[in-house]
Every structure is written in structure tokens, then in C-alpha cells.
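To start, the structure under review is shown below, and the notes come after it.
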Amino acid sequence: MTLIRRQLLLGPVALAVAGATARAQVPVMATEAAKSLAPTGVLRVAINHGNAVLAQRNAKGELTGVSVFLARALAQRLKLPIELIPFGGAGEVFEAMDKGRLDLAFLAIEPERAVKIDFSPPYVLLEGTYLVRTGAPFRKAADLDQPGVRIVVSRGAAYDLFLTRALKRAELRRAPAGTSAIDMFLSEGLEAVAGVRQALVENAQTHPGLRVLDDRFTGIRQAMGTPKGRPAAAAYVGTFIEEMKASGEVRKALDATGQANAVVAPPGNK
């Protein structure tokens, strides 16, 4: 029997064996990822309802939003029980993960955080911009970086970390956990609030005399994050996010929770 004929005859068998091997590897990979992601046996997930684009509470007080959907979908795929842990701000989430209290978080990709967190590709793109008073002279984000301008941010938020690096002349004020940056802006007569565009627009609509700048000072790439030192978990989560974007599930979850204006990130780490 010639070598070519032998290969042709063995081809279907070889393909069947390869297919069976591939099918057998899938649950093994999922099992390895589950152990890496949730070493306690329960997937502990931070839900930051301080960012209303990603998470909200419904009329019953239950957590909902695209981050809740993604967390539950991942837990279901890995056959893991899940614990959703609510937080009011990203700074608190980062601290909790750093102390080993979390297995998964939804945070903006930031260099400072990436030292201790492995990030998936982004799934949603947001804009960081400013809320100012209607009569203020500021027209562009760059106009605010000048002496005497006081900008309030939520402590530990992505835009806090970015502006800490970027601002050269303006003063940054940080609203502590449990304190609204908007309330601090209004009560202390500050010049601007930095935040996510959607949230600032909503506040401008409910507070006469305020407006949101048309441009942005930074783009914010929201991603899933796992603690450093769990490579199988990080790899699996990265693949999962790409699948959720490609299948349209991220878009559906955003639309279903009133976030039709939120932008789904393109494929990859863009």
C-alpha cells in the first residue's frame, strides 16, 4: 500500500480521533479555568453600580446591567456558583481585589491597575469628559487645565488615575467613597466634575444651569479583570469577552438595560 493511499484511508479515522481529542480538551480547559478563576469554588464578582452604564439596580433593588449579564454568563459556562458583590466606586473594587476578596471585576484598563490585574480585551468604550456650569468659559476639555481651576473626581476612578497623570496646572479634588462628586461640585463651588459622559449628561438634565463639554479628555476601555497569577483564568476570560462581543450579546445586554448609547468595543485590545 502506498504512503498516499495509507494516508487517504487513515484520514477519516485520524480526523475522528482529532475531533474526539478536541472535544475532550474543551471541558478540561474549562475545568482548569474554573479552578484558576475561582479557587474557593465560588466566583466572587465585583459589580460597580457607581458606573450606571455597566450596572444598575432595578425597581426591586436587584443588580442588573451588562456587567451582571457577563458575570452570570461566565459562571454558567464554567458551572460555578456566583456571588455578586456590590460596590459604589471603582477605587473600592480595586482595593478589594488587591486584598484577595474578589476573583473577577469590571474595571477600566489603567496602567496602575494592570500591575496587579490581568485585563481582558475591552468590551465597552466610554468617554471621560467634564460637567461645568452653563456660564463657564470652558468649551474644550483642554481649557480646564489652568491655574485656579478645581476639578472633582470620584476617588480611584479611571478618570482620577488618568487626570492625576495628565493635568499640569488644574487642581484635582477627590470625592471620598460614599460622597457624590456632583454634590461636592455644587456645594463647594468647584469649576468642573470629571466623569463618564452618560452619567454627566443625566445630571445636567436634572440640574438646570449645568452642561457637558462636547469633547473628551480621555477614552475609557472597560474590561473584565482577574488577579495576577491566574494565567488560565485570564486566558479564558479574554476569549470569553471576544466571543460575547462577536455574538452580539454585549450589545443586547446594553440595549436591554437602557444603555443604547454605549459603544461596544471592536475585536481585540483596541
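Things worth noting here:
- Residues located in the stretch 231-258, provided they are touching a Gly at 6+ places or on another chain (Cβ under 8 Å) and either assigned to a loop (DSSP other than H, G, I, E, B) or at pLDDT below 95 (or both): Thr257
- Count of residues meeting criterion [more than 17 Å from the chain's Cα centre (by Cα) and surrounded by 14 or more Cβ atoms within 10 Å (Cβ to Cβ)] in the stretch 208-257: 8
- Residues in the stretch 35-64 that are surrounded by fewer than 22 Cβ atoms within 10 Å (Cβ to Cβ), among the polar types (S, T, N, Q) and within 20 Å of Asp255 (Cα to Cα): Gln56, Asn58, Thr64.
- Residue match in the stretch 159-181 (condition: among the acidic types (Asp, Glu) and either surrounded by 21 or more Cβ atoms within 10 Å (Cβ to Cβ) or not assigned by TED's automatic domain parsing to the domain that holds Ala71 (or both)): yes
- Applying the criterion of being among the aliphatic types (A, V, I, L, M), assigned to a helix (DSSP H, G or I) and buried (at least 18 other Cβ atoms within 10 Å of the Cβ) to the residues of the stretch 188-201, the residue that is modelled with the highest pLDDT is Leu200.
- All positions within the stretch 52-84 that are of a type in the set (Val, Ile, Thr) and more than 15 Å from the chain's Cα centre (by Cα): Ile82
- Residues in the stretch 114-124 that are outside any strand (DSSP E or B) and surrounded by fewer than 23 Cβ atoms within 10 Å (Cβ to Cβ): Ala114, Val115, Lys116, Pro121.
One line per residue, one yes/no per condition, for (1) buried (at least 17 other Cβ atoms within 10 Å of the Cβ); (2) in a loop (DSSP other than H, G, I, E, B); (3) free of Cβ contacts under 8 Å to residues at least 60 places away in the same chain:
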residue	(1), (2), (3)
Met97	yes, no, no
Arg101	no, yes, yes
Leu126	yes, no, no
Tyr130	yes, no, no
Arg139	no, yes, no
Gly148	no, yes, yes
Val153	yes, no, yes
Leu186	yes, no, yes
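- The listed residues are Pro81, Pro121, Pro111, and the only one of them that is in the same structural domain as Thr239 (by TED's automatic domain parsing) and in contact with a Pro (Cβ under 8 Å, 6 or more places away or on another chain) turns out to be Pro121.
- Total residues in the stretch 73-93 satisfying the condition of being in a helix (DSSP H, G or I) and farther than 19 Å from Ala52 by Cβ: the figure is 5.
The values are calculated or read from the model by the stated rules, or taken from the named source; none is laboratory data. Bear in mind that the values here come from a model prediction, so they are computed numbers and not experimental data. Don't worry about glycine lacking a Cβ; one is built from the backbone with ideal geometry, like all the others, and counts go over all protein chains shown.
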